[in-house]
Each structure stands twice: as C-alpha cells, then as structure tokens.
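*Asks:* Would you mind keeping the following structure in view while I ask a few things?
Every number here is computed from the coordinates shown, using simple stated rules; none is lab data. Values in this document were obtained by computation on a predicted structure and should not be read as measured data. Glycine gets a Cβ as well: all are built from the backbone with ideal geometry, and neighbour counts include every protein chain shown.
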Amino acid sequence: WSHTNINAETLGKAMHEQVVGPRYYSWNRGDVHFVALDTLEVDDLWYYGAIGEEQLAWLRKDLARLAAGATVVTAGHVPLRTGAFSNEFEVEGPGRSLQTVKGQTFYRHIVRNSQALLELLRPYRYTLALQGHSHQAERLHLWDSGETRFHTAPAVDRTPGLRSGIFIYGVTGHVIDDGEIVGSITGDVGRL
C-alpha cells in the first residue's frame with residue numbers, strides 16, 4: 001500500500017477492504033457458525049456503534065444457509081450489550097458519550113441497533129457475542145436474548161486496575177463453555 005494510492009474514496013472502510021479484506025464475513029468450524037461483524041459507523045469525525053443496513057442484509061442471506069437452531073457466535077468491536085461504560089459516562093459526561101445522527105441521539109459506545117441483530121438471530125442458538133472496545137473483561141447474560149452471553153475481552157492495556165488478557169473457550173459439538181481469562185502484560189493471570 002502506497003501513500004500515493006490514498007484519496008477520499010480509499011480512506012476508512014474502503015481502505016480496509018482494499019488492504020485487509022472484507023469488513024464482515026463468516027465461517028464454520030465444527031458445529032459452530034462464526035460471524036465477524038463491523039460494528040462501527042462514522043459521522044463526520046466521530047465513530048459510534050451500529051450495524052449498517054447493507055451488513056444486516058448480507059447477514060440475512062448468510063444465516064439463510066443455516067438450519068434453524070444452529071449455533072452462532074458473533075464477534076465485533078463495539079459491544080452489543082455492556083455495563084462497562086457507566087463510570088466513563090459519569091466522568092466524561094454526555095459531550096463525549098452521546099452522538100446525534102439524523103436527529104437521533106444515542107450512547108455511541110454501544111451498538112445502537114443491536115436489537116435488529118438479535119431479531120435476525122432469534123431462530124438460531126445464538127450462544128455467544130464476543131466484543132471489545134471497553135478494555136475491561138465483562139460477562140453478561142441477558143434474558144431478553146435467550147441464552148446469549150455477551151463477553152467483552154480485556155485489551156492489552158497498561159492502565160492500573162485493568163486486567164489484560166484473552167478469553168479461551170472450550171467447544172464440544174455446539175456447546176461453548178463460559179471461557180477463562182488468561183494472560184496478562186502485568187503478570188495478573190486468573191479466572192474472572
């Protein structure tokens with residue numbers, strides 16, 4: 001990739017697709033269908049969490065190939081569900097946390113249309129949503145989405161009090177365990 005190739009049309013998501021590849025895609029491994037999602041949208045200089053209509057249409061077609069009840073795992077950067085940003089909102093206030101796009105104001109650090117995704121996945125065994133963005137390990141299980149767990153992986157981060165590492169999951173057939181957090185740049189290894 002050369003700087004001479006950069007122009008307005010090749011920046012951002014278009015550049016990602018040219019250099020890295022698709023922004024969203026899926027694959028099967030054993031009895032599990034994995035879906036990598038692009039959970040970022042941009043308005044002027046600000047990003048916010050959302051899944052675009054084009055991506056939702058692609059996902060409808062992708063899921064149509066699966067049998068009802070198939071196990072699905074999604075992965076995306078901005079969380080679909082989280083409680084991790086409540087302290088940040090208190091500290092930073094609405095100026096950095098709220099975003100207004102096309103007349104709608106919403107909290108920008110959570111995928112604002114996650115309900116549309118959950119509706120698409122309702123016929124399947126949507127067991128796990130892997131997510132990031134907050135740099136904090138978090139496990140949520142919300143009853144409004146059936147058996148889905150929303151797990152936010154801790155980032156590699158040197159901030160005091162934050163554990164860095166990754167979740168490791170065990171998979172047997174279509175069953176995925178609750179994962180274990182391992183590794184740390186500070187030596188703090190343990191179970192969440």
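*Asks:* Give me the extension gain from Trp46 to Asn28: residue separation times 0.36 nm, minus the current Cα-Cα distance, reported in nm with one decimal. Walk me through the numbers before you get to the answer.
*Replies:* Working: separation 18, 0.36 × 18 = 6.48 nm, distance 3.38 nm.
Going from the current span to full extension adds 3.1 nm.
*Asks:* If you filter region 100-140 for trypsin sites (Lys or Arg not before Pro), then keep DSSP loop positions with at most 16 other Cβ within 10 Å, what is left? Write down the numbers at each step before the final one.
*Replies:* Working: sites: Lys102, Arg108, Arg112, Arg125, Arg139; in loops: Lys102, Arg108, Arg112.
Passing sites in region 100-140 are Lys102.
*Asks:* Using r as the Cβ-Cβ distance of Ala14 and His141, and R0 as 41 Å, what FRET efficiency do you calculate, to the nearest 0.05? Could the numbers behind the result be given before it?
*Replies:* Details: r = 37 Å, r/R0 = 0.90.
The pair Ala14/His141 has a calculated efficiency of 0.65.
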